[in-house]
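Enquirer: The following block contains the structure, expressed as structure tokens.
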Amino acid sequence: MKPGFRNRVKRLKVTLWTLIVPPGVWAVHFLFSYIWAAVSCAKLGEWSLFPTAFTIGTVVALGIILVSGWIAFVQSRAPGDPPPHEQGTDIDRLRFLATATLLLAALSFVGVIFTALPVILLNDCR
């Protein structure tokens, strides 16, 4: 990895919008899964054997969550005092939001996988 790219990631501003990205992607993937299943069963009348669109959507969702988690991981490693990050300083705010984003990214990653499992395990539209 280029050191310049890592420095660019460290300079990104962490806001509450950054915190919302992983669960937002999980929610969109959840909605996409239900829409895909409904459209697939309605149009084809049967469960698709290899759901290409669903697989691409799942890989994209997991990729966005991984990138978000990686950025949060890099930003949570900002030098400063050890945890807890409860002071009102900018660096404590950055590390708190980055750690919360990292944990939400991990939860969202597992959530997307659990949302995708029925498509893999089920093979019927009933």
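The values are calculated or read from the model by the stated rules, or taken from the named source; none is laboratory data. A quick note: this is a predicted structure, and the numbers were derived from the prediction, not measured. Ideal geometry is used to build each Cβ from the backbone, glycine not excepted, and the neighbour counts take in all protein chains shown. Note: areas computed on protein heavy atoms with side chains; ligands, DNA, RNA excluded. Shrake-Rupley method; radii C 1.70, N 1.55, O 1.52, S 1.80 Å.
Enquirer: Could you list, in sequence order, the residues of region 50-88 that are at pLDDT 75 or above and over 17 Å from Ser33 (Cα atoms)? Let's see the steps before the verdict.
Expert: As a first pass, look at region 50-88 and keep what is at pLDDT 75 or above: 51-77.
Those that are at pLDDT 75 or above and over 17 Å from Ser33 (Cα atoms): Leu66, Val67, Ser68, Gly69, Trp70, Ile71, Ala72, Phe73, Val74, Gln75, Ser76, Arg77.
Enquirer: Is at least one residue of region 103-115 surrounded by 12 or more Cβ atoms within 10 Å (Cβ to Cβ) and part of a loop (DSSP other than H, G, I, E, B)?
Expert: no
Enquirer: Restricting attention to region 55-68, does a residue exist that is open to solvent by 40 Å² or more (accessible area, probe 1.4 Å) and touching a helix residue (DSSP H, G or I) at 6+ places or on another chain (Cβ under 8 Å)? Please lay out each step first, then the result.
Expert: Here is the first cut: in region 55-68, the residues open to solvent by 40 Å² or more (accessible area, probe 1.4 Å) are 55-56, 59-60, 64, 66-67.
Okay, now just the ones that are also touching a helix residue (DSSP H, G or I) at 6+ places or on another chain (Cβ under 8 Å), so 64, 66.
There is at least one residue in region 55-68 that is open to solvent by 40 Å² or more (accessible area, probe 1.4 Å) and touching a helix residue (DSSP H, G or I) at 6+ places or on another chain (Cβ under 8 Å).
Enquirer: Let me ask another. Restricting the search to region 18-49, which residues are of a type outside the set (Lys, Arg), at pLDDT 70 or above, over 13 Å from the mean Cα position of the chain (by Cα) and open to solvent by 50 Å² or more (accessible area, probe 1.4 Å)?
Expert: Taking region 18-49 first, the residues of a type outside the set (Lys, Arg) are 18-42, 44-49.
Within this subset, residues satisfying the condition of being at pLDDT 70 or above are 18-42, 44-48.
Going one step further and asking which of them are over 13 Å from the mean Cα position of the chain (by Cα), we end up with 31-42, 44-48.
Correct list: Leu31, Phe32, Tyr34, Ile35, Ala38, Val39, Ala42, Leu44, Gly45, Glu46.
Enquirer: Also, I was wondering about something else. If I ask for residues that are hydroxyl-bearing (Ser, Thr, Tyr) and either under 26 Å from Thr101 (Cα atoms) or not in a helix (DSSP H, G or I) (or both), which ones from region 35-57 would you list? Steps first, answer last, please.
Expert: Narrowing region 35-57 to residues hydroxyl-bearing (Ser, Thr, Tyr): 40, 48, 52, 55.
Hits for region 35-57 are Ser48, Thr55.
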